[in-house]
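The values are calculated or read from the model by the stated rules, or taken from the named source; none is laboratory data. Predicted model only: the values in this text are computed from it and were never measured. Heads up, the Cβs are rebuilt from the backbone with ideal geometry, glycines too, and the neighbour counts pull from every protein chain shown.
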Amino acid sequence: MNDAVYLGIDIGASSFKYGLVVEGTVTQERNIAIDPKVASKTLLIQLFAGIKDLWREDIMGIGVGVPGIVDSERGLIVDLQNIPVWCGLPLAEIMNKQFKVPVMLNNDAHCFAFGELRYGAAKDWKNFVGITLGTGLGMGIVINNQLYKGVLSGAGELGMLPYKKGIIEQYTASFFFTNNYEASAAELYIRAQQGDAFALEAYNTYGHHLGEAVKVVLSLLAPEGVIFGGSILKAWPFFSASLASSIAAFPYKKQLDHFALRQSPTMNSALLGAVALLASDKC
């Protein structure tokens, strides 16, 4: 990707994030707030506006991270629960016709994991998992330095597994806080910084649930480690202890001797990963 210019896009439930990537570095960024309930055409107009804002004639392609199931080969969004009007949308084809450059779609958590492999905290690991903590719970799997996507980029849907009275995502994504504490993760983070006991208990409980999810990963994949990213990560000091305590109960103690938790050093791993996947596909 040296001497090449790409555009990375991270599609979220409430915003589109853009990054101009030059020689593997994000040099310019943009964020556009969106309402996922508006019409598909309206969202496309907003998406294109952000692209045009950063557009350069030397851009060689656009890598897009999507928080759902995608068909990368056909450039098709198969299932997108946060933006249901885009289910079945041939987004890559639409963008290619508009901007005349190659476009590749991938699952956003897969992009995050690949970005960490290439540029972030996992460059010294061959087998690891990247988990994103935000509106949903996403997971990307790297095995022997290769991203494992599965059919329709559906591998790693950890949040959909049954847990307690629902699924794992209900206890590890941001709506865990609004559903159980009637306050947003961001609001509780501010209160936790102020020493509020209610907020501290909320994050302590959250860490326990997240630890239970990590133990599922340990049982299935036995990775060298897990790298966390996403908006909830800023509250790490308030849930890391209960997370570690929960993981410590994993029955195979020797496995834990070869396992580590890390935080992503950048908020741009998904953007970089989306671009790196596109660039590697072009090689």
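Within segment 76-92, is even one residue farther than 29 Å from residue 143 by Cβ, β-branched (Val, Ile, Thr) and buried (at least 20 other Cβ atoms within 10 Å of the Cβ)?
Within segment 76-92 (the criterion being farther than 29 Å from residue 143 by Cβ, β-branched (Val, Ile, Thr) and buried (at least 20 other Cβ atoms within 10 Å of the Cβ)), the answer is yes, since at least one residue qualifies.
Residue 235 - would you say it is out of contact with any Ser or Thr (no Cβ under 8 Å at 6 or more places or on another chain), surrounded by 14 or more Cβ atoms within 10 Å (Cβ to Cβ), not assigned by TED's automatic domain parsing to the domain that holds residue 161 and not polar (S, T, N, Q)?
no
When you scan segment 76-85, how many residues do you find that are in contact with a helix residue (DSSP H, G or I) (Cβ under 6 Å, 6 or more places away or on another chain) and within 20 Å of residue 15 (Cβ to Cβ)?
Adding up the residues that qualify gives 3.
Being over 13 Å from the mean Cα position of the chain (by Cα) and within 14 Å of residue 211 (Cα to Cα) is the filter; apply it to segment 171-182 and report the residue that is surrounded by the fewest Cβ atoms within 10 Å (Cβ to Cβ).
171
Looking at segment 259-270, can you tell me whether even one residue there is under 26 Å from residue 147 (Cα atoms), assigned to a helix (DSSP H, G or I), among the hydroxyl-bearing types (Ser, Thr, Tyr) and out of contact with any Cys (no Cβ under 7 Å at 6 or more places or on another chain)?
Within segment 259-270, one or more residues are under 26 Å from residue 147 (Cα atoms), assigned to a helix (DSSP H, G or I), among the hydroxyl-bearing types (Ser, Thr, Tyr) and out of contact with any Cys (no Cβ under 7 Å at 6 or more places or on another chain).
Are any residues in segment 69-87 at negative phi, outside any strand (DSSP E or B) and not β-branched (Val, Ile, Thr), and if so, which ones?
At the first step, the residues of segment 69-87 found to be at negative phi are 69-74, 76-87.
Subsequent filtering for residues that are outside any strand (DSSP E or B) retains 72-74, 80-87.
The answer is 72, 73, 74, 80, 81, 82, 84, 86, 87.
With the requirement that a residue be of a type in the set (Lys, Arg) and under 15 Å from residue 213 (Cβ atoms), what does segment 131-164 give you?
The one that is of a type in the set (Lys, Arg) and under 15 Å from residue 213 (Cβ atoms): 164.
Across segment 96-113, what is the total count of residues that are farther than 17 Å from residue 271 by Cα and crowded, with 16+ Cβ neighbours inside 10 Å?
Counting residues in segment 96-113 that are farther than 17 Å from residue 271 by Cα and crowded, with 16+ Cβ neighbours inside 10 Å gives 2.
Please state which of the following conditions residue 30 fails to meet, knowing it meets all the rest: (1) in contact (Cβ under 8 Å) with a residue 40 or more places away in the chain; (2) surrounded by fewer than 20 Cβ atoms within 10 Å (Cβ to Cβ).
Just one mismatch for residue 30, condition (1).
Take the residues in segment 187-217 that are among the acidic types (Asp, Glu) and assigned to a helix (DSSP H, G or I), then tell me which one is surrounded by the most Cβ atoms within 10 Å (Cβ to Cβ).
Per the criteria, the residue is 212.
Residues in segment 115-130: is at least one touching a Leu at 6+ places or on another chain (Cβ under 9 Å), closer than 23 Å to residue 212 by Cα and β-branched (Val, Ile, Thr)?
Within segment 115-130, one or more residues are touching a Leu at 6+ places or on another chain (Cβ under 9 Å), closer than 23 Å to residue 212 by Cα and β-branched (Val, Ile, Thr).
Spot the failing condition for residue 137; the list is (1) closer than 20 Å to residue 81 by Cβ; (2) surrounded by fewer than 23 Cβ atoms within 10 Å (Cβ to Cβ), and only one is missed.
Of (1) closer than 20 Å to residue 81 by Cβ; (2) surrounded by fewer than 23 Cβ atoms within 10 Å (Cβ to Cβ), only one is false for residue 137: (2).
When you look at residue 241, is it in contact with a strand residue (DSSP E or B) (Cβ under 7 Å, 6 or more places away or on another chain), farther than 27 Å from residue 71 by Cα and not aromatic (Phe, Trp, Tyr), yes or no?
Answer is no for this residue.
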